[in-house]
Amino acid sequence: MPVPPEVSGTMSHEAGPAGTRAGEPGGPPARALVVSAPGDVSLEPRDRPVPGPDEVLIRPAAVGLCGTDLDILAGRIDPAYVRYPLVLGHEWSGTVLAGGNGSLAPGTRVVAEGIVPCGHCGPCRAGQTNLCETYDEMGFTRDGAAAGYAVVGETLVHPLAGPVSMADGALVEPASVVYRGLSAISVKPGRRALVVGDGTVALLAVALLGLWSPAEIVMLGRRPAQAALAATAGTARFETDPGAAGGGYDLVVEAAGTTGAVLTALAAARRGGTVLLLGLPPHGATAALPVDDLVNNDLTIRASFGYTSDAWRDVVRLLNAGRLGLGFLVTHRFPLAEWEAALGTLRDPDPAAPRGKVLLTLDG
Ligand SMILES: [Zn+2]
Ligand SMILES: [Zn+2]
């Protein structure tokens with residue numbers, strides 16, 4: 001179990017004299033979406049931080065919301081992985097305001113890794129930054145980016161190329177989660193793949209699987225309204241009935257985050273196949289497994305947590321090279337002031353309309 005650090009962040013603050021704008025040095029506070037405790041969320045003023053020597057001050061432009069944010073709000077996250085109060089927002093892109101020792105000019109459009117690895121523990125040294133022994137992540141154990149300012153360690157910042165949109169950038173975080181999982185298993189070209197789930201992670205799994213040239217990708221979802229998004233992502237078929245989706249898949253990606261979906265995924269793999277678990281059921285959820293089937297079917301089961309720095313670098317490289325597009329997944333945008341409507345869209349999607357990524361926008 002990761003050990004949460006005693007303190008988060010190294011930022012200090014400066015006062016804002018009258019006559020300056022939010023975002024300028026010494027400017028007035030900007031608003032941040034703060035979760036004080038489970039069930040207690042509001043917009044609060046936050047001063048402009050001063051970045052430390054190896055930190056970058058960034059103005060967030062787009063912040064994606066996901067089911068994990070709802071879990072943070074509801075207090076459903078394993079307490080070892082969250083510390084209140086916190087500013088929400090772990091999927092985001094923005095523009096450099098200051099800092100970075102000159103390597104990142106003000107105005108540079110960037111994304112930033114949210115997991116803050118210590119850099120010297122065994123897993124960090126082995127490149128497994130997702131398993132750092134001191135778990136620390138923006139939007140979980142330290143402030144996230146649904147705010148006027150974000151401060152990030154310089155080594156975690158990745159510049160975006162000109163054509164890459166802020167919406168693309170806001171999806172790098174969940175895309176890196178999926179990419180890391182797919183990279184951890186040996187996907188061979190020409191294979192048949194099933195993705196269980198129809199949310200953003202599932203849709204990203206379809207889009208990223210395309211990099212490994214599968215023969216076919218089928219999505220097993222629950223909401224028919226997601227079919228068009230699934231097709232855009234690259235599915236050959238979208239099914240809502242497990243029987244219609246069938247079985248015998250070389251690779252099954254579980255991206256729904258329910259124990260039922262895990263059992264469905266295990267049953268849909270062919271003998272000798274691989275099942276990748278990306279979804280995150282509520283803390284403490286358990287499932288009864290048909291263990292003899294797992295053995296008889298010679299299954300490889302792989303679970304994957306978070307992302308590594310390597311995964312981020314690869315995803316940003318693919319985006320910047322034009323080999324990957326992610327922004328098509330954004331179906332809803334709300335200004336920060338309309339955060340309640342954004343969370344409502346996430347919590348209770350219109351069953352008749354497609355719902356991909358819900359973004360908060362912070363421009364202007
Ligand atoms: Zn997320
Ligand atoms: Zn570490």
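At a glance:
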quantity	calculated
In region 104-118, residue farthest from the chain's Cα centre (by Cα) [restricted to those that are assigned to a strand (DSSP E or B) and over 17 Å from Asp143 (Cα atoms)]	Arg109
Check on Pro123, surrounded by fewer than 22 Cβ atoms within 10 Å (Cβ to Cβ), free of Cβ contacts under 8 Å to residues at least 12 places away in the same chain and in contact with a helix residue (DSSP H, G or I) (Cβ under 7 Å, 6 or more places away or on another chain)	yes
Unique residue being of a type in the set (A, V, I, L, M), away from ligand 2 (no atom under 16 Å from the Cβ), part of a strand (DSSP E or B) and in contact (Cβ under 8 Å) with a residue 24 or more places away in the chain when the list is Val201, Val218	Val218
Subset of region 35-73 (residues that are touching a Ser or Thr at 6+ places or on another chain (Cβ under 6 Å) and touching a residue at least 40 places away in the same chain (Cβ under 8 Å))	Gly52, Arg59, Ala61, Ala62
Hey, Ala352 in the same structural domain as Cys124 (by TED's automatic domain parsing), among the small types (Gly, Ala, Ser) and outside any helix (DSSP H, G or I) or not	yes
Residue, surrounded by the fewest Cβ atoms within 10 Å (Cβ to Cβ), within region 64-94, restricted to residues that are closer than 20 Å to Ser309 by Cα and more than 16 Å from ligand 2 (Cβ to nearest atom)	His90
Elements of type helices (runs of 4 or more DSSP H) in region 122-193, at least 3 residues being hydroxyl-bearing (Ser, Thr, Tyr), modelled with pLDDT of 95 or more and more than 16 Å from ligand 2 (Cβ to nearest atom)	172-184
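The rows are residues; the columns are (1) out of contact with any helix residue (DSSP H, G or I) (no Cβ under 9 Å at 6 or more places or on another chain); (2) in a strand (DSSP E or B).
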| position | (1), (2) |
| --- | --- |
| Ala62 | no, yes |
| Leu73 | no, no |
| Arg76 | no, no |
| Arg83 | yes, no |
| Asn101 | no, no |
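The values are calculated or read from the model by the stated rules, or taken from the named source; none is laboratory data. Predicted model, so just to flag it, every value in this text is computed and none were measured. With ideal geometry, Cβ positions are generated from the backbone for all residues, glycine too; neighbour counts draw on all protein chains shown.
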